[in-house]
Amino acid sequence: MRQQIPLLITFIVGTLLIVSVFIPPFGDLETTFNIWFDIIAVFAFFLGGGNLLRVHINKLRKRKRDWGFSIVTILGFSVMLIAGLFKIGNPGDIASAVDAPGSLFYDIFNSVQYPLSATMYSLLAFFVASASYRAFRAKNREATLLLIAAFIILLGRTPFGVMLTGWIPDSTSLLQIPNLAIWIMNSPNLAGQRAIMIGIGLGVISMSLRLILGIERSYLGGDK
Amino acid sequence: MSLPLAATHPRLSVHLFFPIIVIVLTTCSSAFGQSDTQLDTTVVDDTVSIAAAPVTTLLVEDGKYDDGDSLRLFWVPSIDDQLIDSKVTGYRVYRLVNDGAAEPIVDLLPGVGNYTDKNVELDSSYVYYVATLTESGEYPSIHTESISPQREWINFRRGYLFIIMMIISAAIIFYVETAKRGKKLFVRKIAGLEAIDEAVGRATEMGRPVLFIPGISDMDDVQTLAALTILGRVSRTIADYDSKIFMPVSRSLVMTAARETIKTSYQAAGRPDAYNDDMVNYVTDEQFGYVAAVDGLMVREKPATVFLLGAFFAESLILAETGNSIGAIQIAGTARPAQLPFFIAACDFTLIGEELFAASAYLSGEPRMLGSLKGQDVGKAIAMITILLGVVAVTLSEAWGVGIMTDLHAWLVKVFSSS
Amino acid sequence: MEHFALWLSAFLTLGILSFLYKDNPWYKLSEAIFVGISAGFWVVTLFWDNLVGKFWDGWQDEPMLFVGAALGFLMLLRLVPKIGWISRWPLAFIVGATSGLWLMNYLASNIMVQVMATIQPLFSTGYASGFDAGWGAIISSLVIVVGTFTGLVYFFFSKEHKGAFGGAARVGIFFIMITFGASFGYTVMSRMSLLIGRMDFLLGDWLGMIG
Amino acid sequence: MSTRAKELIALGAITLFALVFYFGKIWGWGTFEFPTWLSMVVIVLIGLSLLWVLILTLKGQLIERRVVFIYVAFAVALPLFMSFSQKITISPEVYQLHNALTELPAGSKVLISFDYDPPSAPELQPMAESIIRVCFEKDLKVIVMGLWPQGPQQANLALEKVFEDSAILAKNLQYGRDYVNLGFQTGNEFVIQRMGSSFESMFPSDYEGTPYREIPLVRNVRNFSNVDFSVNLSAGFPGTVEWVQIAVDRYGLLMGAGNTAVQAPVMYAYLNAGQLEGLLGGMSGAAEFEAVAGYRAKGTKFMLSQSFAHVVVIAFIIIGNVAFFRSGRKSKLKGK
């Protein structure tokens, strides 16, 4: 029973949503599902947020390594909760938008969360460089193609690419690096993207069918 | 001069075309004795007022293949609706429900000639008219006839979509059944998946944990589901090897589902007591906050093996490079094409798109699962044949005007644009 | 207050950047703040947008929302060990719905649209002037068709990559590699501008050294 | 000396550096700029050090990734101080925008719509600053607005920046008379449409809450026909596409645009069809505009930073391959 009911729910809901595409009166099911999902996600958040707190309180209580930082996390979490749920400092009191300019919530977001987020994002600039250094090596034919394509696109977007091949006459202007870069983006790149996308489409169909039909059930009642 | 201009500028050609239609229509209507003096009567005393002609040939019809929840309006825009220096500032659609009072329902941009009213109910009747708006007033058109929306039970426009879906699904189910009956099916090796056992084994030998990241999307992304099905197999191996796994996640629902998955695997391996909820922890929904925490965990816990499977966005390279720097074996996979190059660059094995979805079937080694992979190939074959056929057909038809090829191409277009 | 906010932002920015050197207390502090604040941010946002905005403000008009809330409530039963297994129901619901939705979406947008887009003439004749496509265009069209075709061959699971089939698969993986190289090169530029923005904040807004 | 001590010294140095320059900022030190010779020296040094890394690699010594990080950091940071500029070839569409602005008679009204938010600021903010600056230099009146919620904020930042220039400050420009910020309005393309008949209906009051009719600059501006030129700075939807389709096509507004590098390619179609009077694309567009306007500011510096960063990435790809071929392609290399 414990296994059968979930499998049945998955089957019925999945089939219903597939069929709804062809039956106009069921057309709203997708929207309905999305709203329900959002609501379920909020309830699940009690579990997630609770888990976050529990982990850090445990760390604190058992004086595990780095327990001091757990205090900071708990404090940050509570401050943000109080500021947002009670809308502290909001210009229009409780009726105003939670992130109205001037509120504590808004200020913390701007001077704490935004710089943190933007900086974490900007780490990519460093990692792009280190990955290029380490990984773009002509180890074999595939890697060489990857390297050449990346190199041309990169060069094509800097003034050096223009200078390097500017002497090539207009009759064979395709060989000028900026033009070559555009051609790569529009032709071989497009072809590769399409193959990958069609493949993904089929993968999703097969995966979804396995789930709906209950062949794949490792996430629920396990494989026996 | 005007002809090539109109040809290169579709909107302009439309605007050249409408006046002609309107002239023809007005001539016709006056010939039938319906006086169109409305224009004259709306001339107002105010000298700054700008009069404009109302829209013509306003038609209303039931929205096809819907739940009886739409009505579609068409009209020919006002003759004064010009591309440049137009007097017309827009159109306002009015509606009379069950012969009640007229109410405005929407304002539209100039140049617009249709509107779909999606706020209608099955049992009511509706009458519409459209007013041309200028800066000084409104110039209403005649009313439409009364209409009630109809409900259709089947969307025939998507017939071919249905057929294609059935063919692909049938192929998959057919091979699943064939395999179930014991027929051996060949599936080629997928390097990234062959490496999983070895990678988990390595973690065990080194006495270091396995880190599993299921992407940053929630359970409403099928990539997350794929990641969880793989987690089912991987955690089984981990349970067998008595390795350790830890899994920070960025969604509460994923946390719940992942716990369920790992628990099940440990039970299946006969070691339910070794399972512990702390294997999976929620961190934060914030994309880069999650990344900051995972990066920290990576350098502190030094996992021997890192799995990055699921939906990844800009953070893919940050995670993969950090994982690389601690010398972990990394197995990555995503169906987001933009992130694949970063995984290719920084990870040891990468499951490219479709391989991510095939992974759990492949790992299970179960005949039924492998059958579904074979079924997928049928879909690929259909796509490939269609592309070849279509390209040949359209080329022959465009270059040499081969009639049958034109028909074939037209049919393919019809089939594949039925979505 | 303005000074404080500026220094706080700069402190946190440098804290994250310090991770590039190695893991250290400064980074750990920034990370702890980040996790706490952002988790709180999302609880608050989800609370106001979803629970209040979608459920509380909507249930009078849409009583079916209670089904969603009930499923959400079942989720919480995990906390009661004895009947914790009921929490699989909402999960099963989500898995079913996600599978059904994505199956159709991917069929329509990934397969049908992409196949359709690939069906283009290799060349066509103009009304009077014979072929109106130059060799460049013909080659480009051929490359797209061949690349898409062989790329799909690469993804075939049920046939060994041997012989002519293997050759095609190899051409396919070449195309896929070019694709990866191209998108890598293409993204490098936008990634750099993010860092430039942060540097501008540190050296300009904070320290006022640059204009 | 132990690593720990070195780290503490580095930390102390950073703190000291920050404190010194922060108080310097408060005391009014102003900005720093390398003279050309110093810029050249810096570039030569970076080049030489890269060469040295190459030689080390040839000798079989691989550098670790933190060295790569340092190069990226310097490649991005140092050009921000350089007055030296790379030779910039100016695209015709940049000239076109500049000419369109400078040929306007003094007193003409220019509408600038800020349709982006902070993440796109590195690319679009330099454009905003130099465009506003050119307007003020030519005594044009500036009306700013935003279709993105954070747009007007970005506009204010840009205005503040422009007023730091003493030449502009000396003009003693008045808010409300010479420039105005109308703020943000929700509704995306419909805002543009309604502005076609009445600005006031969409912006009953400006960013600071002053009623539209009480602002001298816009009191007589009814719709697009009272605006002489417009510039749209856009990072997506709603943005240039919507402005072109509605304001340009329907109301005949003259418009130029600035776009992020990612979306600029799409806009060339409008440029070629004559629907746009000029286009700036990404950081290079901003740099080119500054070059035409005859001064150097953020755009040029950012562009320089970006080019430097690209060169560094390219250099390390080459070094990586040298390392690989030197090792005889034998073993699978893993940079530390």
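Side notes on the structure shown:
- Selected residue (criterion: farthest from B:GLU315 (Cα to Cα)) from residues of segment A:99-112 that are assigned to a helix (DSSP H, G or I) and either within 18 Å of the chain's Cα centre (by Cα) or of a type in the set (A, V, I, L, M) (or both): A:LEU104
- If you go through segment A:157-214 and pick out every residue that is assigned to a loop (DSSP other than H, G, I, E, B), touching a residue at least 60 places away in the same chain (Cβ under 8 Å) and of a type in the set (A, V, I, L, M), you end up with 1.
- Every condition in (1) in contact with a Ser or Thr (Cβ under 7 Å, 6 or more places away or on another chain); (2) of a type outside the set (Gly, Ala, Ser); (3) in the same structural domain as D:LEU51 (by TED's automatic domain parsing) holds for D:THR240 except the one numbered (3).
One line per residue, one yes/no per condition, for (1) farther than 28 Å from D:PHE81 by Cβ; (2) over 24 Å from the mean Cα position of the chain (by Cα):
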residue	(1), (2)
D:PRO238	yes, no
D:VAL244	yes, no
D:ALA247	yes, yes
D:VAL266	yes, no
D:LEU271	yes, no
D:ALA297	no, no
D:SER327	yes, yes
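- Condition check for D:GLY256 on (1) within 19 Å of the chain's Cα centre (by Cα); (2) part of a loop (DSSP other than H, G, I, E, B); (3) on the phi < 0 side of the Ramachandran plot; (4) not polar (S, T, N, Q): one failure, at (2).
- Restricting segment A:20-29 to residues that are touching a helix residue (DSSP H, G or I) at 6+ places or on another chain (Cβ under 6 Å) and part of a helix (DSSP H, G or I), the residue that is nearest to C:LEU91 (Cα to Cα): A:LEU29
- The listed residues are B:TYR275, B:TYR241, and the only one of them that is farther than 26 Å from C:TRP42 by Cα, in contact with a Phe, Trp or Tyr (Cβ under 7 Å, 6 or more places away or on another chain) and assigned by TED's automatic domain parsing to the domain that holds B:LEU319 turns out to be B:TYR275.
- Residues in segment A:17-33 that are hydrophobic (A, V, I, L, M, F, W, C), surrounded by 15 or more Cβ atoms within 10 Å (Cβ to Cβ) and more than 7 Å from chain C (Cβ to nearest Cβ): A:PHE22, A:ILE23, A:PHE26, A:LEU29.
- All positions within segment A:43-69 that are more than 9 Å from chain B (Cβ to nearest Cβ) and surrounded by 21 or more Cβ atoms within 10 Å (Cβ to Cβ): A:HIS56, A:PHE69
Here's the yes/no breakdown for (1) under 25 Å from B:VAL97 (Cβ atoms); (2) at pLDDT 90 or above; (3) not in a helix (DSSP H, G or I):
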| position | (1), (2), (3) |
| --- | --- |
| B:VAL112 | yes, no, yes |
| B:ASN119 | yes, no, yes |
| B:LEU122 | yes, no, yes |
| B:VAL127 | yes, yes, yes |
| B:THR132 | yes, yes, yes |
| B:SER136 | no, no, yes |
| B:THR144 | yes, yes, yes |
| B:LEU161 | no, yes, no |
| B:ILE164 | no, yes, no |
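- Summed over segment B:79-88, residues that are within 14 Å of chain D (Cβ to nearest Cβ), touching a helix residue (DSSP H, G or I) at 6+ places or on another chain (Cβ under 8 Å) and in contact (Cβ under 8 Å) with a residue 40 or more places away in the chain total 3.
- Given (1) of a type in the set (A, V, I, L, M, F, W, C); (2) touching a residue at least 40 places away in the same chain (Cβ under 8 Å); (3) over 27 Å from D:GLU123 (Cα atoms), number of the condition D:LEU233 does not satisfy: (3)
- Test: residue in segment B:365-376 that is in a helix (DSSP H, G or I), within 13 Å of chain A (Cβ to nearest Cβ) and closer than 30 Å to B:HIS409 by Cβ: yes
- Annotation note: Cβ proximity below 6 Å between a residue of segment A:1-19 that is in contact (Cβ under 8 Å) with a residue 12 or more places away in the chain and closer than 15 Å to C:LEU91 by Cβ and a residue that is surrounded by 16 or more Cβ atoms within 10 Å (Cβ to Cβ) and among the hydroxyl-bearing types (Ser, Thr, Tyr) (sequence gap 6+ or interchain) occurs for A:GLY14/C:SER99.
- Residue-level analysis places A:ALA125 outside the set of residues that are more than 9 Å from chain C (Cβ to nearest Cβ) and under 29 Å from the mean Cα position of the chain (by Cα).
- Checking the stated criteria, D:VAL262 turns out not to satisfy the condition of being among the β-branched types (Val, Ile, Thr), in contact (Cβ under 8 Å) with a residue 60 or more places away in the chain and within 14 Å of chain C (Cβ to nearest Cβ).
- Note on segment D:260-330: enclosed helices (runs of 4 or more DSSP H) holding 3 or more residues that are among the small types (Gly, Ala, Ser) and surrounded by 24 or more Cβ atoms within 10 Å (Cβ to Cβ) are D:282-293, D:298-326.
- Residue ID - nearest to C:LEU29 (Cα to Cα), chosen from residues in segment A:77-92 that are without any contact (Cβ under 8 Å) to a residue 24 or more places away in the chain and crowded, with 21+ Cβ neighbours inside 10 Å: A:GLY84
- Criterion (surrounded by fewer than 18 Cβ atoms within 10 Å (Cβ to Cβ), modelled with pLDDT of 90 or more and within 19 Å of D:HIS98 (Cβ to Cβ)) met by exactly one of D:ASP139, D:ASP165: D:ASP139
- Hits in segment C:90-116 (condition: of a type in the set (Gly, Ala, Ser) and facing chain A (nearest Cβ under 7 Å)): C:ALA92, C:GLY96, C:ALA97, C:SER99, C:GLY100
The values are calculated or read from the model by the stated rules, or taken from the named source; none is laboratory data. Model, not experiment: these values are computed from the prediction. Here Cβ is always computed from backbone atoms with ideal geometry, including for glycine, and neighbour counts include all displayed protein chains.
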